[in-house]
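The values are calculated or read from the model by the stated rules, or taken from the named source; none is laboratory data. These numbers come from a predicted model, not from an experiment. Here the Cβ positions follow ideal geometry from the backbone for every residue, glycine too, while neighbour counts run over all protein chains shown. Surface areas here come from the heavy atoms of the whole protein model, side chains and all, with no ligands, DNA or RNA. Shrake-Rupley method; radii C 1.70, N 1.55, O 1.52, S 1.80 Å.
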Amino acid sequence: MSDPQPSQVSARDRHLFAPGPKRILALDGGGVRGVVALAFLKQIEQELAAKAGHPVRLCDHFDLIGGTSTGAIIAVALALGYRVDAITEFYHRLAPLVFRSPMIRLPGWKAIFDATALARELETVMGDRRLDTEDLQTGVGVILKRLDTGSAWVLVNNPRSKYWETPANQDYIGNRHYRLAQIVRASTAAPHYFDPQEIAIAEGVQGLFVDGGLTPHNNPALALFLAAYIPTTGLGWGTGPDKLTIVSVGAGTFRDSFKTQMLSGAASARLALRAMIQQIGDSQQLVLTLMSLFGESPTPWAINAELGELGSTPAPGGPLFRFLRYDIKLDQAWLQERLGAKVSEQQVGQMRRLDDVRSMQKLGELAAEAARRQVKTEDWGG
């Protein structure tokens, strides 16, 4: 088969397979705290437009945009060509519809929210589009967890990936056939909050999927780097700060801590939920540690009190990419010191929740201020 002529190459394939430096945008999960990521994305969009002298869509700038859970919603919308303002408007309409408890529920027995509204709203944006749709203007990645096999799935619209096509023996359904609305719904199916999502993966076989945050990739930066770099994925992008830039955008991070007496004698379901939340935080910290260590970063973040910032620590064998991390810490002292914001302990507690829509406006305001201070296009290199 001859190589396609330039006029025949899709926008997706130009981003994924054309030579030259590449850029990845990775978006954390975090429920309604996705408004934090949107505030940073708005600032990035504005900075790029100012530099270019005309409006810029992030799908035109980034070669691979991926996300976990709420980050998956934003990532797919960006890859479809939506601008940040349109996604933010959708997000503020979506959250109150989705995070509304039903009149009758059995705590610990059923999920506390009905995913019907979420599925319906995703359909309005994504319709019947599949992972192979030409409407995706760039590479896109969605992180989800297949519960029945205990495997983390990183689905990328890469036509050279191993499971893209349905094989002749029909052993499985090729990834290209998965509907975007369905895989994004699966990526957001956080246990306790939403019921799992079933997806047909072979004739007569349904996979059971839950939130991608239950993998090590609630911060999907490492997973997307591996999907772009490992030759068996079919991308095989080059490494080095001049060849690869990875922009990682958070949804407000914090250390989940509490006084022992708060959970003394608590129901096992409540303890399990708290442990799950902490495990997600531990995985995020590990990803940030690895990305900071193996990348060159002009925007270093403190990992913890022991490690501090790793910006001055040389990567073994040299940096593999330029790494930029943007986020806010949902901590009273940090918000006061870095943003001059005075918030109460109660406000901080509300902002840390995945499902408290009352905190969205304040979160957006704090993140917008942080974005104005953190996002500088001169940090992005070439």
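Residues that are over 15 Å from L214 (Cβ atoms) and in a loop (DSSP other than H, G, I, E, B) within the stretch 182-204 comprise E203, G204, listed in sequence order. Counting just the residues of the stretch 334-362 that are assigned to a loop (DSSP other than H, G, I, E, B) and acidic (D, E), which one comes out modelled with the lowest pLDDT? Filtering first and then ranking leaves D355.
Looking at P159, P216, P167, just one residue is touching a Ser or Thr at 6+ places or on another chain (Cβ under 6 Å) and part of a loop (DSSP other than H, G, I, E, B), and that residue is P216.
In a residue-by-residue description of the stretch 194-209, the property of being at positive phi and open to solvent by 30 Å² or more (accessible area, probe 1.4 Å) applies to at least one position. Can S359 be described as farther than 29 Å from K51 by Cα, among the hydroxyl-bearing types (S, T, Y) and in contact with a helix residue (DSSP H, G or I) (Cβ under 7 Å, 6 or more places away or on another chain)? Yes: the conditions hold for S359.
In the stretch 70-102, the qualifying residues are those that are open to solvent by 50 Å² or more (accessible area, probe 1.4 Å), modelled with pLDDT of 95 or more and in a loop (DSSP other than H, G, I, E, B), and the one that is nearest to E45 (Cα to Cα) is R83.
When the residues of the stretch 154-184 are filtered to those that are in contact (Cβ under 8 Å) with a residue 60 or more places away in the chain and open to solvent by 20 Å² or more (accessible area, probe 1.4 Å), the one that is nearest to the chain's Cα centre (by Cα) is V154.
The number of residues in the stretch 62-103 that are charged (D, E, K, R) and either farther than 20 Å from G141 by Cα or under 12 Å from the mean Cα position of the chain (by Cα) (or both) comes to 4. You will find that of P191, P231, the residue that is in contact with a strand residue (DSSP E or B) (Cβ under 7 Å, 6 or more places away or on another chain) and modelled with pLDDT under 95 is P191 and no other.
Pairs are defined by a Cβ separation below 7 Å, a sequence spacing of at least 6 or placement on different chains, a first member in the stretch 352-381 that is closer than 29 Å to R100 by Cα and without any contact (Cβ under 8 Å) to a residue 24 or more places away in the chain, and a second member that is open to solvent by 30 Å² or more (accessible area, probe 1.4 Å) and assigned to a loop (DSSP other than H, G, I, E, B); no pair meets this definition.
Selection over the stretch 318-354 of residues that are closer than 30 Å to K243 by Cβ and either in contact with a Pro (Cβ under 6 Å, 6 or more places away or on another chain) or crowded, with 21+ Cβ neighbours inside 10 Å (or both) gives a count of 10. Residue count for the stretch 103-133, restricted to those that are at pLDDT below 65 and either open to solvent by less than 50 Å² (accessible area, probe 1.4 Å) or under 30 Å from S10 (Cβ atoms) (or both): 2. If I filter the stretch 278-304 down to residues being open to solvent by 50 Å² or more (accessible area, probe 1.4 Å) and under 22 Å from M351 (Cβ atoms), which single residue comes out as modelled with the highest pLDDT? Per the stated criteria, the residue is Q285.
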